Amino acid sequence: MKTIGLIGGMSWESTAEYYRILNERTRERLGGLHSARCVLYSVDFAEIEQLQVQGRWAEAGEVLADAARSLEAAGAGLLLICTNTMHKVADSVEAAASVPLLHLADATAAVVRAAGLRRVGLLGTAFTMEQDFYRGRLTAGGLDVCVPGSEGRALIHRVIYEELCMGVVRDESRAAYRQVIEELVAAGAEGIILGCTEIELLIGPEDSPVPLFPTARLHAEAAVDAALAGHAG
């Protein structure tokens, strides 16, 4: 099994989920006491969040590029950025290392297509919902992407940063997310991409009338499959 390099900490709440899913998937594939070969570089999210807010994406990209170089030096055979939003600097990470980066949007789009769906709603940070670095990648992957209106986007973003990234899960926020999902479905969404890894802490299949695509889980499972490529298990 190749060693999986995780660029995490954005937030650590969802990075912990990545670690759990990686090991669960490895046990499913290999059985017994097997667990994932992985190495984690966890950044200080407070520093990254300030760079996001200030639009200093090049500097944020260099932080993650340094992490990628460290992970490769530690033996990683493939890399994951454990957050949707920071795929805005995926090019910087790819350029910094000679081992492949498994892009979260690509892994997600592949599963959506395999489910036979095309039009999907996207929930995530304002950066992810409003900018093209992520939506464009999904579109290039064959999907038709819709996002909530301005009030819905503001709500989704606020709950992510002020609650979920702090480990706070509120029933009121779950109800508000359900309303946004219903509006996207009414607009024609056949499925909903949970395009922020923290949203999976709040929303599950029972909260949506259409299939959900939890990106952290899909990304981690795809990483194990890639790390075990060629393995008979």
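Taken together, the values in this text are just the output of simple stated rules run on the coordinates, not laboratory data. Please read these numbers as outputs of a predicted model, since none were measured by experiment. Here Cβ is always computed from backbone atoms with ideal geometry, including for glycine, and neighbour counts include all displayed protein chains.
Observations on the model:
- The convex hull drawn around the Cα atoms of the stretch 193-233, when projected onto a plane and averaged over every direction, covers 3.7 nm².
- Legend: translational diffusion of the stretch 86-233 by Stokes-Einstein, Rh = Kirkwood radius over C-alpha pairs, 37 °C, 0.692 mPa s; D = 207 µm²/s.
- Computed about the Cα centre, the dipole magnitude for the stretch 84-233 is approximately 240 debye when only Lys and Arg (+1) and Asp and Glu (-1) carry charge, each at its Cβ.
- Evaluated at q = 0.10, 0.11, 0.14 Å⁻¹, the base-10 log of the normalised Debye intensity for the stretch 1-112, with identical point scatterers placed on the Cα atoms, takes the values -0.28, -0.34, -0.55.
- Length released on extending from VAL168 to ALA226, taking residue separation times 0.36 nm less the Cα-Cα span: 17.6 nm
- Annotation: for a label point projected 7 angstrom from Cα along Cα→Cβ of ASP106, residues of the stretch 192-225 with backbone N closer than 19 Å are 215-225.
- Using alpha-carbon coordinates, inclination of helix 171-186 to the longest axis of the chain, degrees: 80 degrees
- Mean projected area in nm² (Cα convex hull; one quarter of hull surface) for the stretch 118-176: 4.3 nm²
- Taking 0.36 nm per residue of separation and subtracting the Cα-Cα distance, full extension of the segment from GLU62 to ALA46 would add 4.2 nm.
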